[in-house]
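Let me begin by presenting the structure, written as structure tokens, before commenting on it.
The values are calculated or read from the model by the stated rules, or taken from the named source; none is laboratory data. Not measured: the values here are computed from a predicted model. Quick reminder, even Gly has a Cβ in these numbers, built from the backbone with ideal geometry, and neighbours come from all protein chains shown.
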Amino acid sequence: MNRSAIRTGAFVAILILAASRPGTTLAQVIVPPQPSNLVLVSVDAQVVFDSVSNLYTYTYRVSSSAASPQEVWFFAVRFSGSVVNPAAPPGWSGFVHRDRPIVSWAATDIGQLPPDFVDDGNVVPSPFQIKPGETLDGFSFQSPDPPGGNQFFAEGFTKIPAVTEDVGELPQQGAEVEDFTVSSFSGVTVSPTPVSSTPFAGGRRPGGRYVPRLREHRRR
């Protein structure tokens, strides 16, 4: 089952449950479910080795196509080995996941909210998100491991699906949030990959320079 079907199915289940409760009216859709992979992203990676610290510095530049219907609010890179010192561009936060070998960044700074802003309990877009046709650099980290090919993920900003049983009630957050490895646009970039300990058995070695090849496919 694809990501859209999963999210839509969970959302429909909420509507049915709310409508079946005694004494309630049909649930009103406040925020319909939306896919978060409606972005077309390319990633330019640069790797520099420091012989003093014996660390590679990985730097990423993320570009969103002008044809992207959504703004990019989340970017992540899968790696092997180890990663330290993640850094993020202004308005973004970066960290290394504890449960899996992924480093990710998110546009977490929502800036100055207008005086008439009404908090409806949903997420607020950040002015630092990557808009269609724009490019943002400053995503970086260090690693003792040399570069190799691996996967990146980029997710477009969407509101969390919400319904309410009666007009005037606060939205109920109900639809399950999919893992970003499922709900994102994805492609190939460069990231830390430890040198294999398997002895070389002869034959042609891979070229020393890795050139990433993106594939046109695709927060929490």
Cβ-Cβ under 6 Å, sequence separation 6+ or interchain: first residue in the stretch 72-100 and of a type in the set (D, E, K, R), partner crowded, with 18+ Cβ neighbours inside 10 Å and in a strand (DSSP E or B). Which pairs?
78/102; 78/150
Quick check: is even one residue across the stretch 59-66 out of contact with any Gly (no Cβ under 8 Å at 6 or more places or on another chain), part of a loop (DSSP other than H, G, I, E, B), more than 20 Å from residue 110 (Cα to Cα) and not aliphatic (A, V, I, L, M)?
no
Could you please find all residues in the stretch 166-186 being modelled with pLDDT under 55 and not hydrophobic (A, V, I, L, M, F, W, C)?
166, 168, 169, 171, 172, 173, 174, 176
Considering each residue of the stretch 109-138, count those that are of a type in the set (A, V, I, L, M, F, W, C) and in contact with a strand residue (DSSP E or B) (Cβ under 8 Å, 6 or more places away or on another chain), and give that number.
3
Residues satisfying the stated conditions in the stretch 89-109, i.e. within 14 Å of the chain's Cα centre (by Cα) and either farther than 10 Å from residue 129 by Cα or surrounded by fewer than 12 Cβ atoms within 10 Å (Cβ to Cβ) (or both)
93, 94, 95, 96, 97, 102, 103, 104, 105
Looking at the stretch 103-116, I want the residues that are more than 30 Å from residue 189 (Cα to Cα) and have a partner that is surrounded by 10 or more Cβ atoms within 10 Å (Cβ to Cβ) and modelled with pLDDT of 80 or more with Cβ atoms under 7 Å, at least 6 apart or on another chain. Which pairs are those?
111/126; 111/127
Is it fair to say residue 145 is among the acidic types (Asp, Glu), modelled with pLDDT of 70 or more and either surrounded by 16 or more Cβ atoms within 10 Å (Cβ to Cβ) or within 18 Å of residue 34 (Cβ to Cβ) (or both)?
yes
